[in-house]
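Here the structure is laid out as structure tokens; the discussion comes afterwards.
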Amino acid sequence: RPYLNEASALVELGAGYGSKLLNLSSSEGFSNLPLYAAEYTKNGCEIISLLASSLNKEVKVGRCDFRELKIDDLDIPDNAIIFTSYSVHYVPQLSLKFIDFISNLNPLVVIHFEPCYENYLSNSIHGMLCKKYIEINDYNRNLISVIRKSASIDNISMKMIPNKLGSNPFLPISIIEWSLINN
């Protein structure tokens, strides 16, 4: 909410079938923002369009691939609020190019709602179980390192709330917010 007055749009990358974007768009303050969704699967893109139409919402939909670091068929406006939720964790290892990829979209702010391997404590049973769950499923293990590395070279500023919530007890999500230094 603190970014709504300056935001040009609300964008979900790795949108699945669009439930989070569509739910947010019905919340106070979000209803006037243009909506953009980028999803990896063709079926997901089609479902987002169908759901949006059934809710009388306009959502511009395109394809997004975090492994190839590309977005097709979607022109995201500068100064958008960009978020991910349970989508980046499907890429086992990210490079700093991931931050460049999103930075090139000139976002107002980026907010990740993602499980973060590096935030699980190795000295607790729960933390060890969470790490093991990620290892077994070959989920991401370095999102925090990538964001911190980019922050350390003064490209971005970041804030984080570790292990805040989640429906899967072995995959609690952290909330990581970052923005370009020049924003």
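Summary of values
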| quantity | calculated |
| --- | --- |
| Hits in the range 98-115 (condition: over 17 Å from ASN5 (Cα atoms) and open to solvent by 10 Å² or more (accessible area, probe 1.4 Å)) | ASP100, PHE101, SER103, ASN104, LEU105, PHE113 |
| Selection within the range 162-176 - in a strand (DSSP E or B) and open to solvent by 40 Å² or more (accessible area, probe 1.4 Å) | PRO162, ASN163, LYS164, LEU165 |
| Unique match (being touching a helix residue (DSSP H, G or I) at 6+ places or on another chain (Cβ under 8 Å), open to solvent by 20 Å² or more (accessible area, probe 1.4 Å) and more than 24 Å from ASN168 (Cβ to Cβ)) among GLU68, GLU58 | GLU58 |
| Filter result (touching a residue at least 24 places away in the same chain (Cβ under 8 Å) and either more than 14 Å from GLY62 (Cβ to Cβ) or out of contact with any helix residue (DSSP H, G or I) (no Cβ under 9 Å at 6 or more places or on another chain) (or both)) within the range 27-52 | GLY29, PHE30, LEU33, PRO34, GLY44, ILE47, LEU51 |
| Filter result for GLY44 (open to solvent by less than 20 Å² (accessible area, probe 1.4 Å), out of contact with any His (no Cβ under 9 Å at 6 or more places or on another chain) and not hydrophobic (A, V, I, L, M, F, W, C)) | yes |
| The range 36-67 - residue that is hydrophobic (A, V, I, L, M, F, W, C) and part of a loop (DSSP other than H, G, I, E, B) and, of those, farthest from SER87 (Cα to Cα) | LEU55 |
| Considering residues of the range 118-130 that are open to solvent by 40 Å² or more (accessible area, probe 1.4 Å) and in a helix (DSSP H, G or I) only, the residue nearest to ILE173 (Cα to Cα) | GLU118 |
| Hits in the range 131-149 - residues which are free of Cβ contacts under 8 Å to residues at least 40 places away in the same chain, open to solvent by less than 80 Å² (accessible area, probe 1.4 Å) and either of a type in the set (D, E, K, R) or over 20 Å from LEU165 (Cβ atoms) (or both) | LYS131, GLU135, SER145 |
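The values are calculated or read from the model by the stated rules, or taken from the named source; none is laboratory data. These figures come from a predicted structure and were not determined experimentally. So basically every Cβ, Gly included, is an ideal-geometry build from the backbone, and we count neighbours across all protein chains shown. Accessible surface areas use protein heavy atoms only, side chains included; no ligands, DNA or RNA. Shrake-Rupley method; radii C 1.70, N 1.55, O 1.52, S 1.80 Å.
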